[in-house]
C-alpha cells in the first residue's frame, strides 16, 4: 500500500516497475488523468515523444525537480539535456540516500 506519494507531481522522479524499461528513472512531464502520466528521460523518451505510463507501473520517489516542474507547468522551454541532467542528479541523490540508510 502506498503512503503519501499516491499523487504524482510534474517534475517528480519516478522509477518504472513494469515493462521493458523496468528500473529506469523518468521525470513526470504531464499528468494525463488519475491513472496515467507522461514521462520522459531525455534520451529514449524525449519531451517531444513522452511515454504514457500507468501509475501502477511506477514507483514514485520523494525527489521532485521543482524548477523543471514549474517550467513544464508554465509551458516554458525545457530541453532534453536539462531532463538528463536533472535525472542524473536525482539518481545520484537517491543512490546516496540508499547507501546512507544501509550504513546506518
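Any residue at all in segment 10-22 that is under 26 Å from residue 77 (Cβ atoms), within 12 Å of the chain's Cα centre (by Cα), in a loop (DSSP other than H, G, I, E, B) and at pLDDT 95 or above? Yes: one or more hits.
Listed by first and then second residue, the pairs linking a residue in segment 18-31 that is closer than 14 Å to residue 50 by Cβ to a residue that is assigned to a loop (DSSP other than H, G, I, E, B), with Cβ atoms under 6 Å apart and 6 or more places separating them unless they lie on different chains, are 26/41; 28/8; 28/10; 29/50.
The values are calculated or read from the model by the stated rules, or taken from the named source; none is laboratory data. A quick note: this is a predicted structure, and the numbers were derived from the prediction, not measured. Heads up, the Cβs are rebuilt from the backbone with ideal geometry, glycines too, and the neighbour counts pull from every protein chain shown.
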